[in-house]
Amino acid sequence: MRIGIDVGGTNTDAALLGDDDRIIATAKTPTTSDITSGVTSAIRALDPPMESVTAVMIGTTHFLNALIEGARLAPVAAVRLGLPATAALPPMTDWPERQRVAVGGHGYLCHGGREFDGRPLSPLDPEELKRTAADIAARGLTSVAVSSVFSPVAEEDERRAAEILGAELGPGVHFSLSHELGRVGLLARENATIINAALRDLAAAIVESFAKSLAEVSLTAPFFLSQNDGTLMDVDFARAYPVATFASGPTNSMRGAAFLSGLGDCAVVDVGGTTADVGILAGGFPREAAGESEAAGIRTNFRIPDVLSLGIGGGSLVSPDGETGPRSVGFRLTEEALVFGGSTLTATDLAVAAGRADIGDRSRVAHLDPEFTARALDRIAERLAETVDRMRTSAGPLPVVAVGGGSVLVPAALPGFDDVRRPGHFDVANAVGAAIAQVGGEVDRVFQVPEGRRDAVLAEAREEAVGRAESAGARPGTVRIVDVEEVPLAYLPGGATRIRVKAVGDLDLNGISTTHAPAGAGDTHGAASHA
Amino acid sequence: MGSTIRLRTLGFMHVDAGALADFARGCAVLGSGGGGPADVTLPVAGQAIEECGPVPVVDPAALPADALVMPVGLVGSPAVAAERIGGRDEPARLRDRFEALHGAPVAAVMSSEIGGLNGCVAVAWAARLGLGLLDADSMGRAFPRMDQNVLELAGLRPGPAVLADEHGHTVVVDDVDGAHLEQFARAAVVAFGGRAASTDYPLTAGQAARHAVAGSVTRALALGRGEGPAPLLTGKVSSVRRYATEGADGEDATGVLLEGGGPDAGRLVLVEARSEFVAALEDGTPLAVVPDVIALVDVRTGWAVPVEEVRYGLRVHLVTLPSDPAWYTPEGLRLAGPAAFGLAGLAGTTGEHRAAGGSS
């Protein structure tokens, strides 16, 4: 059995799945500020036979929220290897003020880095790095982000620099290296690395509190965190790469919707209290947004699902002219909505009045004019349909799967979309999505592709991606390639091509150690590995 | 030439930090889908203005006719420029070498290519050099080759051209025609690691006033503020086909199908691209053909979308603009008209479209 948990801003949802993937129990409890008690009460509500649970998968928006709030971030030394190039724009220059202040704004420009074909841009200067280390030590910084020009092509300089800095700074200082976090595009990759470095102390604390929650309910199974792409990371990886959790929320709910509906290709409408988030599933995985993404106003290059948000949710306010949202009562729905004895007309009240949902006290909305209710609900359906239509990629029929607590607002058919489904357990789709997650491996860098060698180079990249998935804990034999992308770099000789290959496989529980070591001292620099 | 040159600015026209994003957005439109994204050069220009102050925008006619103007831009691969985001000293190196070659001080900077990422490069370097930026450029848009510019059409010499990198390496290319400049510069750019700072087609302020594309900077600012023409169509990208053109040296090409929405429902427009968008056709009839500027502007962000980032489902405005009149002369069309992009069949329509179309 597995437990999937989604720790959201408002609710902590949980689902217990059998080894045959059947859903045995689900639970919804309020998120608590200490995280721990919310998670334990969600697990207790599931009431699982603790000794039969083989793995716990947790999705959390905690790290993204910390960045948005600029709170609980550790100060970071951002060391960039690239002089004399890249001096035109020092690290964190175009960050929003709040986040730059929160991480301290300590940028260092040093020599090093490569050209697109791996040639040195300028040699690494150990003395310069030692001087940098002295300044880092003097400022008391214990988290270091290292970025280097073209490190996705050649990573050695970042590793070497981390060794030199590490030897000077001694134990207790951890390193985030950009080639492990991003792809070509220095600024976005560097930003992701700095954010990661700023979150590492928090990651250790969060992982520890999850471990504590499980220990409190006597769960000894290993636990994993959900990543942006819907795959899992183990606790060592989570401590080292917290930034990889940023977009796990929408990914989990879309993957959960796919699982619950049995559809691999569909649109997913996830309606919460304030927004309806629309995404597209292709082959069971969310379609990813093109280009760069932003996190809290900082551009990064995480792969995130392409999601369009509409300001309509279960708690949205309904105005006298029948328009709904974008203002919402949010988590105060159970106090302010008419059906709960409040005085605010919300979208949920419309659904109850129209007989679509049985929530709260129906008699409290009996006075609503049925014609007004129908018109307002039709308008919601129209706007939802417009949003789904904007996301679709072809004129062919597209099934729509509605999930989330507010999905009672989605009617059985939307204009232009006849096939609308709301599967069982729709209100905990994100927890289900966490529970069914697989293990992935990705290769994304610039390869030299000489003429006639394309197939061989691609095969090499695929093999590497499969190897990475296996070393991250995927069961050999179950790993398949889910995405291949080739982008030739313009105006360059030697067939320089950015190749990205993503492989995914089932979690191999036999290969996983069952100790969740308490977080803290153990510091990992490498990728997740469970030999 | 005197050692001090009086710069008369156009009213209060400056490219300052506030106007910069508008300017970059306008440059993206003028890029016609090419010229590289400004996602790196925009903050680089912002940083240069932050450190060195705003850049006065200068009318070429306001300078002494014999004042020396340095056209500038980056050449090479945008993917390399996204890693090697530039040093601080490249513009000074270019200028020092340029002044040594000409034996005279540079009075102002001009953009070699207003479209795409190079518009912001000119702003950044003008700021770092403490010079004004001419309200003009060499292309009026973006083109893939260095010699595809209106100064070539006017008979100006490409050399001496200077290429430089962050290390201070410089290469001078001289005594070449436009096609040779392209060949020599491309070869040097490989040795430079795929990216170099460049100045080519040196000229005087008088020549700039007569031959360069006039008003490019103010046009980009206006376009970026949304003061452009009404879209020809608003709709969504309903298919993207990437392919190689026929022939031994086939180049990468893209065919984009736009499906009109709202008031444009039922309309279908095919947009053809090489490294830029080169034609927009409705029912086989050209709406716009290179050298017209053709841009797909993302409805959500307001930014023109580069050819390589066009994808299914994107909601866009199709916007077209006439290019500089020099591009519609027989010589202009030969250098950068439909035939130069493998669209010889559309050659005849361009002139007619131009004759019937707007003015610039």
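Read the figures in this text as sums done on the coordinates, not as results from a lab. This structure is a prediction, so every number in the text was calculated from the model and none was measured. Cβ placement follows ideal geometry from the backbone for every residue including glycine, while neighbour counts extend to all protein chains displayed.
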On C-alpha positions alone, give me the angle between the axis of helix A:454-471 and the longest principal axis of chain A, in degrees, nearest 10.
70
Using a cut-off of 14 Å between beta-carbons, work out the net charge of the residues near B:Asp175 (Lys and Arg +1, Asp and Glu -1, B:Asp175 not included).
-2
What translational diffusion coefficient, in µm²/s and rounded to a whole number, does the Stokes-Einstein relation yield for chain A at 37 °C and a viscosity of 0.692 mPa s, taking the hydrodynamic radius as the Kirkwood radius over Cα pairs?
134
Share, in percent, of DSSP beta bridges within the protein assembly as shown that are antiparallel, nearest 5:
70
Given backbone amide H placed at 1.01 Å from N, residues whose amide H is under 5 Å from that of B:Ala253, ignoring those fewer than 5 places away on the same chain, are B:Tyr243, B:Ala244, B:Thr245
Pairing the Cα long axis of helix B:178-191 with the longest principal axis of chain B, what angle in degrees results, from 0 to 90 and rounded to the nearest 10?
80
Beta bridges by DSSP in chain B, antiparallel share as percent, to the nearest 5
85
If you average the sequence gap of Cα pairs under 8 Å that are 6 or more apart and divide by the length of chain A, what percent do you get for the contact order?
15
To make sure I understand the rule: partners must be lysines, Cα under 23 Å from the Cα of A:Lys212, and not fewer than 8 residues away in the same chain. Which ones qualify?
A:Lys28
Counting Lys +1, Arg +1, Asp -1, Glu -1, what net charge surrounds B:Pro229 among other residues with beta carbon under 13 Å of its beta carbon?
-1
Can you give the angle from 0 to 90° between the axis of helix B:347-356 and the longest principal axis of chain B, with both taken from C-alpha atoms, to the nearest 10?
80
Neighbourhood net charge (13 Å Cβ-Cβ; Lys/Arg +1, Asp/Glu -1) for B:Arg242
-4
Unit Cα scatterers, Debye sum, segment B:233-356: log10 I(q)/I(0) for q = 0.23 Å⁻¹
-1.37
Going by a ≥ b ≥ c, the root eigenvalues of the Cα gyration tensor, does chain B fall in the rounded group (a/c under 1.5), the prolate group (a/b larger than b/c) or the oblate group?
prolate
